[in-house]
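First comes the structure, then the notes that go with it.
The values are calculated or read from the model by the stated rules, or taken from the named source; none is laboratory data. Quick caveat: nothing in here was measured; it's all calculated off a predicted structure. Positions of Cβ are backbone-derived with ideal geometry, glycine not excepted, and every protein chain shown enters the neighbour counts. Just the protein is used for accessible areas: all its heavy atoms, side chains included, with ligands, DNA and RNA removed. Shrake-Rupley method; radii C 1.70, N 1.55, O 1.52, S 1.80 Å.
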Amino acid sequence: MSEYLFSELFQGVAQSKLLGTPPEKVTGITFDSRCCEPGSVFFALHGWRDDGACYAADAVKRGATLVVSQDALPDFEGACNLLVPNVTDALGIVASHFYGDPSQKLELVGVTGTNGKTTVVTLLHELMGYLGCKSGLISTIENRVLDKVYPTKMTTPDPITVNALLKEMVDAGCRYAFMEVSSHAAAQHRVAGLKFAGGVFTNITRDHLDYHKTFAEYLAAKQSFFTSLPPEAFALVNLDDCHAAQMTQNAKCHVHTYSLQEMADYHAKVRDVSFGAMDLEVDGREVTVALLGRFNAYNLLAVYGVGQLLGFSTEQLLQGISQLHPVRGRFDCQLGPNGLVAIVDYAHTPDALEKIYETIEEIKPLRGNIITVMGCGGNRDQEKRGDMGNIAAHHSRWLFITNDNPRDEDPAEIANMVLKGISKDCLPQVFVELDRHTAIRQACLLADSGDYVLVAGKGHESYQEVHGQRAHFDDREEVYKAIEELKAQETAL
């Protein structure tokens, strides 16, 4: 069993008070009391729904010799209590030291924003492979060390998981790492102790107000990431977002901009969009890409800007960008018979949904209709549900309101909230079908030649969560089944 010096692990940790004598050496770190072993340190994180202090006694019983908390805890025989201003901050710093400060040995770039985070980090990871560089990825869809894939449960993992992944990247010879930084992670200090070479701001619209309560709090959480960047780092911000300036107003780092509309450090124009290809002009150079839509033009421009700031040439980057593929579950297209196009997308905010429709309108034939399958997640911001229903009904010939991940809420109640945002004149084109499998099948079977079926909200997810239980469900698989049924019917005729 490895041992680590307490003095080295806790170097740089702000300490309020030490109750007892700390151990000279520790064997491990954890915030889960069930994982405590003799000689380990237990971090009593104060979570959104749970307080780690409640499990401190169990941690000590299992062998923890040090408990880190924000408030004094009862005396434990054989254990010391270290009080700190913020336990997650302390955990981030200690976890970084525990794994050998891996972020200092990588060019680590964090991407934050309401929409586009997953696409940007995934494309950066793919681009590095094309350029012959080793990199790692931490994202909503998956974590990667080179080509080795690890499943993920959240956008930005806890500090121990993050640093363990970064260490594995360093050991594998990676030079670059790209990770999503969610607003939850920023607010909860989950990226504390990491050294970022740069950060990207994609955009910000209403989301996660079930957690942040107000848009101002949500904005402040995103902004805090850029405020924490070191002076030598870069911030690359989307100048076309009205909150871009606010993101970096207190930042110490070097600020760079990208835009499709304004003069910026990195600029692009969308020249043409057709099914399967988009022509861009990037800093005066033309490039054809396989990703579609203005939202993806922004994503690709962010990737290009990061590449420039990491020292790659324009020629290298444009060649690489032309080779990139759409990200799984993001405007993920399948072709059906008679020109039917089915699109699976993760869009789960009003702004993201609107942008998907804008792209479909650009590429679909004039005679084609849009048929939408969508719902809203439970235990999340309720006020956006009516807005999303209104947007979907406005753009759709037929709309199926169905289950997303209802979690602990009543699916029928969620559907009713979506319905309330839809005007009376649109209601005749709206169906409520809470079984998502049936809704997807019916939407595809209803489609005529040239129609587009949009299945929105879950994207890459391979599960559906109901009352804390996750059952396998993949929108892409369901679309494939429906298309195969259509093909079989066509063959029978």
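Placing +1 on the Cβ of each Lys and Arg and -1 on the Cβ of each Asp and Glu in the range 342-456, which of Ala412, Ser423, Ala342 has its Cα farthest towards the positive end of the resulting dipole?
Selected residue: Ala342.
Share of the range 1-134's accessible area from carbon and sulfur, percent, 1.4 Å?
48
Per q in 0.17, 0.18 1/Å, what log10 I(q)/I(0) does a Debye calculation on the alpha-carbon atoms of the range 53-113 return?
Treating every Cα as an identical point scatterer, log10 I(q)/I(0) equals -0.69, -0.74.
If each DSSP helix of 4+ residues adds -39,500 (n - 2.57) and the sum is divided by the residues in the chain, what number results at 222 nm, nearest 500 deg cm²/dmol?
-10000 deg cm²/dmol
Give the average over all directions of the projected area of the C-alpha convex hull of the range 231-288, one decimal, in nm².
5.0
Quote the relative contact order of the chain in percent (integer), defining contacts as alpha-carbon pairs under 8 Å separated by 6+ residues.
The normalised contact order for the chain reaches 10 percent.
Sort Ser449, Ser396 by heavy-atom solvent-accessible area, probe 1.4 angstrom, most to least.
Greatest to least solvent exposure: Ser449, Ser396.
Considering all projection directions equally, how large on average is the shadow of the alpha-carbon convex hull of the range 287-386, in square nanometres?
Its Cα hull, projected and averaged over all orientations, spans 8.6 nm².
Within 10 Å, count the other beta carbons around each residue, average over each peptide in 74-82, 190-198, and list them highest first.
190-198, 74-82
Non-local amide H neighbours of Val237 (under 5 Å, H modeled in plane, Pro and chain starts lacking H): which ones?
Result for Val237 returns Phe201, His256, Thr257, Tyr258.
Any chance you could look up the accessible area of Lys252 with a 1.4 Å probe, heavy atoms only, rounded to 10 Å²?
In the full protein context, Lys252 sits at about 120 Å².
Note down the accessible area of Arg62, probe 1.4 Å, to the nearest 10 Å².
Spelled out: Arg62, probe radius 1.4 Å, area about 100 Å².
Measure off 7 Å from each Cα along the Cα-to-Cβ vector at Leu427 and Glu281, then give the distance between these two points in nanometres to one decimal.
According to this spin-label approximation, the distance is 4.9 nm.
Ratio of Rg to Rh for the chain, alpha carbon only, Kirkwood?
Using only Cα positions, Rg/Rh for the chain is 1.00.
Which angle between 0 and 90 degrees, to the nearest 10, do you get for helix 87-98 versus the longest principal axis of the chain when only C-alpha atoms count?
Once rounded, the angle reads 80 degrees.
What number in nm² do you get for the range 397-493 if you take the convex hull of its Cα atoms and divide its surface by four?
Mean shadow area of the hull around the Cα atoms is 7.1 nm².
Just how much of Asp272 is accessible, in Å², when a 1.4 Å probe is used and the result is rounded to the nearest 10?
Taking all protein chains as shown, Asp272 has close to 80 Å².
Could you tell me which of rounded, prolate or oblate describes the range 381-450, using a ≥ b ≥ c as the square roots of the eigenvalues of the alpha-carbon gyration tensor, with rounded for a/c under 1.5 and, failing that, prolate when a/b is larger than b/c and oblate otherwise?
oblate
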